[in-house]
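Quick notes on the structure that follows.
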């Protein structure tokens, strides 16, 4: 049987927008376009793609992304940001595919309702009643798309961007955008951020398991910026490995992080204060893992997200893209 190679990549573009002047959008194109070309991907999972109004009060479109892809190998590819009437203004997950996208949806509290917590440190205004239970909602949806691969197989791709480990707001506890009035307020905000991140990972895991319920051999890829390493709670939830479940009968539902094939000294997608951390992942189901051939993280020229040489915003992304190649069996 012959094989046809194809490649899947994930890349956080970091607030891709052509409506802002800092940095100039032309500089962003000059920086990002060669990175996309180098990926040579058939499927791109992109995060933080902003949408723009072509004319005031008209529905938003992915104009900045279209401009970025003009003249590249991705021009003319299929593009989806979900099943909504219009993309969100900021930070859309977007899938770009050489092959037709047969179904797409945005998952946000479809399978997991927002947890409700009674805030311990909230400070209501003088004379107000204590705050009621607080609904902890996810910041962003997960994009689930079905792609028609050559040969009649369907690939399910979950493109996600989980909450960053930055404390979520607590009423009455913030003195500024990044300044807290009390340590305990910050601590509860950090707890809420972790709850959001883990909850969104759980909802993705439930959606993946429903695919396996319908087809134990489903081809599944979970890709994106998880804001967590493989040993952190969100990745443990997503992967559901046998060390966690303790049940060999569930081996067919494990998702495997592909970065494990990359040498440890190159296994990072973000530089934070001089330390490499792996926050962006490609996770595959067992059947898709059988087609896997190799993976790479393009982090050679990655800049540190903490140590900026100037006060100006950088046109580059502080995330390195990751790409994996697969061999598709063909008749």
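The values are calculated or read from the model by the stated rules, or taken from the named source; none is laboratory data. Quick caveat, the model's predicted, so the values are computed rather than measured. All Cβ positions, even for glycine, are placed from backbone atoms using ideal geometry, and neighbour counts span all protein chains on display.
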Next on the checklist: Can you pull out every residue in the range 43-61 that is in a loop (DSSP other than H, G, I, E, B) and surrounded by fewer than 23 Cβ atoms within 10 Å (Cβ to Cβ)?
Outcome noted: 50, 53, 54, 55, 56, 57, 58, 59, 60
Checklist entry - Looking at the range 66-88, is at least one residue free of Cβ contacts under 8 Å to residues at least 60 places away in the same chain, buried (at least 20 other Cβ atoms within 10 Å of the Cβ), out of contact with any helix residue (DSSP H, G or I) (no Cβ under 7 Å at 6 or more places or on another chain) and within 20 Å of residue 225 (Cα to Cα)? => result yes
Next on the checklist: All but one of (1) closer than 29 Å to residue 326 by Cα; (2) at pLDDT below 95; (3) not in a strand (DSSP E or B) hold for residue 5; state the number of the condition that does not hold.
Outcome noted: (3)
Item to check | Matching residues in the range 91-124 - criterion: being in a loop (DSSP other than H, G, I, E, B) and exposed (fewer than 13 other Cβ atoms within 10 Å of the Cβ) | outcome: 100, 113, 118, 120, 124
Item to check | Which listed residue, of 86, 31, is over 30 Å from residue 328 (Cβ atoms), within 21 Å of the chain's Cα centre (by Cα) and modelled with pLDDT under 95 | outcome: 86
Checklist entry - Quick one: how many residues across the range 141-196 are touching a residue at least 12 places away in the same chain (Cβ under 8 Å) and within 30 Å of residue 291 (Cα to Cα)? => result 21
Checklist outcome for this item: Conditions (1) under 18 Å from residue 163 (Cβ atoms); (2) more than 12 Å from the chain's Cα centre (by Cα); (3) buried (at least 18 other Cβ atoms within 10 Å of the Cβ) -> residue 219 fails only (1)
Next on the checklist: For residue 231, only one of the following conditions fails: (1) under 21 Å from the mean Cα position of the chain (by Cα); (2) crowded, with 18+ Cβ neighbours inside 10 Å; (3) at negative phi. What is its number?
Outcome noted: (2)
Item to check | All positions within the range 142-182 that are touching a helix residue (DSSP H, G or I) at 6+ places or on another chain (Cβ under 9 Å) and surrounded by fewer than 16 Cβ atoms within 10 Å (Cβ to Cβ) | outcome: 164, 165, 166, 169
Item to check | Selection status of residue 183, closer than 18 Å to residue 232 by Cβ and modelled with pLDDT of 95 or more | outcome: no
Checklist outcome for this item: residue 331 fails exactly one of (1) farther than 30 Å from residue 216 by Cα; (2) modelled with pLDDT under 95, namely (1)
Checklist entry - How many residues does the range 253-304 hold that are part of a loop (DSSP other than H, G, I, E, B), within 20 Å of residue 239 (Cβ to Cβ) and either touching a residue at least 12 places away in the same chain (Cβ under 8 Å) or touching a helix residue (DSSP H, G or I) at 6+ places or on another chain (Cβ under 7 Å) (or both)? => result 10
Next on the checklist: Given the condition within 22 Å of residue 227 (Cα to Cα), modelled with pLDDT of 95 or more and out of contact with any strand residue (DSSP E or B) (no Cβ under 8 Å at 6 or more places or on another chain), answer yes or no: does some residue in the range 148-156 qualify?
Outcome noted: no
